[in-house]
1. Kindly indicate whether any position in segment 157-164 is within 23 Å of residue 43 (Cα to Cα) and in contact with a Gly (Cβ under 6 Å, 6 or more places away or on another chain).
2. Regarding residue 111, is this residue modelled with pLDDT of 85 or more and either touching a Phe, Trp or Tyr at 6+ places or on another chain (Cβ under 6 Å) or surrounded by 16 or more Cβ atoms within 10 Å (Cβ to Cβ) (or both)?
3. State which residue is nearest to the ligand (Cβ to nearest atom) when the search covers only segment 20-38 and only residues that are of a type in the set (A, V, I, L, M) and within 21 Å of residue 123 (Cα to Cα).
4. Residue 44 versus (1) touching a Phe, Trp or Tyr at 6+ places or on another chain (Cβ under 9 Å); (2) more than 18 Å from residue 100 (Cβ to Cβ); (3) of a type outside the set (D, E, K, R): which is the lone unmet condition?
5. Does residue 98 fit the bill of being modelled with pLDDT under 80 and on the phi > 0 side of the Ramachandran plot?
6. Output the residues belonging to segment 36-86 that are acidic (Asp, Glu), part of a helix (DSSP H, G or I) and closer than 24 Å to residue 21 by Cα.
7. Looking only at segment 8-19, count every residue that is near the ligand (Cβ under 10 Å from one of its atoms) and within 24 Å of the chain's Cα centre (by Cα) and tell me the total.
8. When you go through 92, 59, 35 one by one, which is the residue that is surrounded by fewer than 19 Cβ atoms within 10 Å (Cβ to Cβ) and at pLDDT 90 or above?
Amino acid sequence: MNPHILVVEDEPALQFLIATHLRRQGYAVTTTGDVQAAQQALQSALPSLILLDWMLPGVSGFEFLRRLRMDERTRAVPVIMLTARAEERDKVAGLDAGADDYLAKPFSPRELVARIAAVLRRSERSREAEVLEAGGLRLDRASHRVTAGERPVHLGPSEFRMLEYLMANAERVHSRARLLDALWGHDAAIDERTVDVHIRRLRAALEPSGHDRLIQTVRGSGYRFSTEVAA
Ligand code: CA
């Protein structure tokens with residue numbers, strides 16, 4: 001699958017230029033003009049990389065970067081900040097907030113493409129190590145594959161994210177509100193029953209191999225992934 005780049009840039013001409021060059025390189029591209037639209041795009045799918053303009057109408061790119069890094073789900077998505085500010089202290093602030101690289105405007109398409117390729121290579125290397133394994137269940141974040149023993153488990157995108165989150169935060173109890181927040185974001189127009197629906201689907205997918213027992217209901221509190229037998 002081609003890497004998917006989410007572009008958050010409010011200048012239409014620049015947004016168009018970036019998208020054109022990236023598509024020509026074979027990337028799948030989603031363009032958004034502000035943080036709200038970018039958040040909506042993130043709810044449906046996590047991109048391979050985010051190109052994020054610093055100065056945006058409303059919430060700034062810098063603030064959005066901080067939010068991305070605080071959220072378990074988006075924490076590892078590589079971000080390249082785009083900026084008109086070439087000042088060194090801004091660069092330092094951006095990198096401190098968790099940007100993977102920094103590109104000052106104006107930049108050449110070639111430079112943009114080279115930086116993206118470098119960051120993607122780096123993130124792929126670190127992602128390769130990101131295999132979650134517990135209780136005979138194996139979740140590969142890079143390939144989005146889940147196996148129970150030797151057997152592949154087929155999950156929908158939401159169930160995959162749910163399992164990924166639960167496995168990455170195993171042995172902890174997560175309230176429905178916390179799961180909603182972590183997986184669908186704050187402004188998601190869905191309620192807590194949605195969490196139950198996806199938990200039910202996840203368990204059904206894990207049932208044939210008996211791994212549904214790892215997804216435990218903690219009465220009155222929420223859910224937990226645990227390899228310990230529930231009391
Ligand atoms: Ca801008």
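The values are calculated or read from the model by the stated rules, or taken from the named source; none is laboratory data. Since the model is a prediction, treat every value here as computed from it, not as a measurement. Cβ coordinates were reconstructed from backbone atoms using ideal geometry, including for glycine residues, and neighbour counts include every protein chain displayed.
1. no
2. No; evaluated as a whole, the condition is false for this residue.
3. Going through the qualifying residues, I end up with 38.
4. Exception for residue 44: condition (1).
5. yes
6. Result: no residue meets the conditions.
7. 4
8. Just a single option satisfies the conditions, and that option is 59.
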